[in-house]
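Working notes for the structure below.
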Amino acid sequence: MPTLYISDLDGTLLGADSRVSNSSAEIISDLSRQGARITVATARTPATVVPLLQRTYTLPPAIVMTGTAFWHREPGAYSCVKVMPENDRAKALAICAGNNIFPFIYTMGESSVLQVYHAGDSLNSQEQSFVDERRNLPLKRFHLHTPAPESRRDLLYYAISRAEAVYDAAAKLKEETECSVSAYPDIFNHDMAHLEIFAPGVSKASAITHLKELTGADRVVVFGDNLNDLPMFEIADVAVAVGNAFDEAKAKADIIIGPNTEDSVAKFIREDFNGQRFFRDMPERM
């Protein structure tokens, strides 16, 4: 029974230092060389996915920007890219502005380098840290305090703001646009929340369904920790929450394993791939 293993990154595969540990990288690389289908599904872009996985060998493409596209590590290219329709683009940005939220606007040109615009007058501390950590990455260019050009291909709007404002904006976006919207708490500061806005139909779940077909897998096992992982929990054959996951994620999971600080995802995949787990023939969920 070919299985496709898909893990979220932050809070799940990544450890407390927001890196893939040497042990996890070794386990996943060895399994991949044996033919295991292992990849990631993340809100991150290839700009940070590439360096995070540089020591981890995987075969299937990565699901990036919450399902907006696939990233093929070799040759370093996007596929199946979902672009924001122009009519939703204006509505979404207006709703954000009405909640005093000025998101980063991710656009795609002819190359694999994302152009990211932010037209707000200033950045909050979390946004500034976000930019500082990514400023010199080769696959992303920031244009701060700069309006995005009118002629562009928008892939994603992303903001970090006060939780109350984010959840209010998300509710309005879901009611007034066709956009796919994800709003979830920051894992380090619950007073803040993340807002992601995508083209209609974009989700980790829809991307995983497509990737399952592409890889010829019969079974999907997913790993996550946060609210934005719940859609992929719903469509997985086995949904696994790490021990540090939010309670809502644990409640939807079939299995709860150890925390992200103990290489729990990699160890679980190794046991499952080698047939050492009892849940390979789990009954369907009620």
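The values are calculated or read from the model by the stated rules, or taken from the named source; none is laboratory data. Quick caveat: nothing in here was measured; it's all calculated off a predicted structure. Reconstructed Cβ throughout: ideal geometry from the backbone, glycine too, with neighbour counts over all protein chains shown. For the accessible areas, the whole protein counts, side chains as well, though only heavy atoms, and no ligand, DNA or RNA atoms are used. Shrake-Rupley method; radii C 1.70, N 1.55, O 1.52, S 1.80 Å.
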> Given Val81, Val116, which one is over 13 Å from Ile197 (Cα atoms), open to solvent by less than 30 Å² (accessible area, probe 1.4 Å), at pLDDT 95 or above and of a type outside the set (D, E, K, R)?
Replying inline: Val116
>> Can you pull out every residue in region 198-255 that is among the hydrophobic types (A, V, I, L, M, F, W, C), within 23 Å of Ala16 (Cβ to Cβ) and touching a Pro at 6+ places or on another chain (Cβ under 9 Å)?
In response: Leu227, Val242, Ala245, Phe246
> Which pairs have Cβ atoms under 9 Å, sit 6 or more apart or on different chains, and link a residue in region 214-225 that is closer than 14 Å to Thr39 by Cβ and among the polar types (S, T, N, Q) to one that is surrounded by 20 or more Cβ atoms within 10 Å (Cβ to Cβ) and modelled with pLDDT of 95 or more?
Replying inline: Thr215/Leu4; Thr215/Arg37; Thr215/Thr39; Thr215/Pro60
> Which fully enclosed strands (runs of 3 or more DSSP E) of region 1-117 have 2 or more residues being out of contact with any strand residue (DSSP E or B) (no Cβ under 7 Å at 6 or more places or on another chain), of a type in the set (Gly, Ala, Ser) and over 22 Å from Val221 (Cβ atoms)?
Replying inline: none
> Hey, Leu137 hits all of (1) under 17 Å from Thr48 (Cβ atoms); (2) open to solvent by 40 Å² or more (accessible area, probe 1.4 Å); (3) not in a strand (DSSP E or B) but one; which does it fall short on?
Replying inline: (2)
> Which pairs do you get when a residue that is within 22 Å of Ile187 (Cα to Cα) and touching a residue at least 40 places away in the same chain (Cβ under 8 Å), found in region 14-43, comes within reach of a residue that is in a helix (DSSP H, G or I) and not hydrophobic (A, V, I, L, M, F, W, C), reach meaning Cβ atoms under 7 angstrom, with the pair 6+ apart or on two chains?
Replying inline: Leu14/Asn260; Gly15/Asn260; Gly15/Thr261; Ala16/Thr261; Ala41/Lys204; Ala43/Thr66; Ala43/Asn228
>> Quick check on my filter: what residues within region 1-23 are crowded, with 24+ Cβ neighbours inside 10 Å, of a type outside the set (A, V, I, L, M) and out of contact with any Gly (no Cβ under 8 Å at 6 or more places or on another chain)?
In response: Tyr5
> What is the number of the single condition among (1) at pLDDT below 95; (2) crowded, with 19+ Cβ neighbours inside 10 Å; (3) of a type in the set (Gly, Ala, Ser) that Ala90 does not meet?
Replying inline: (2)
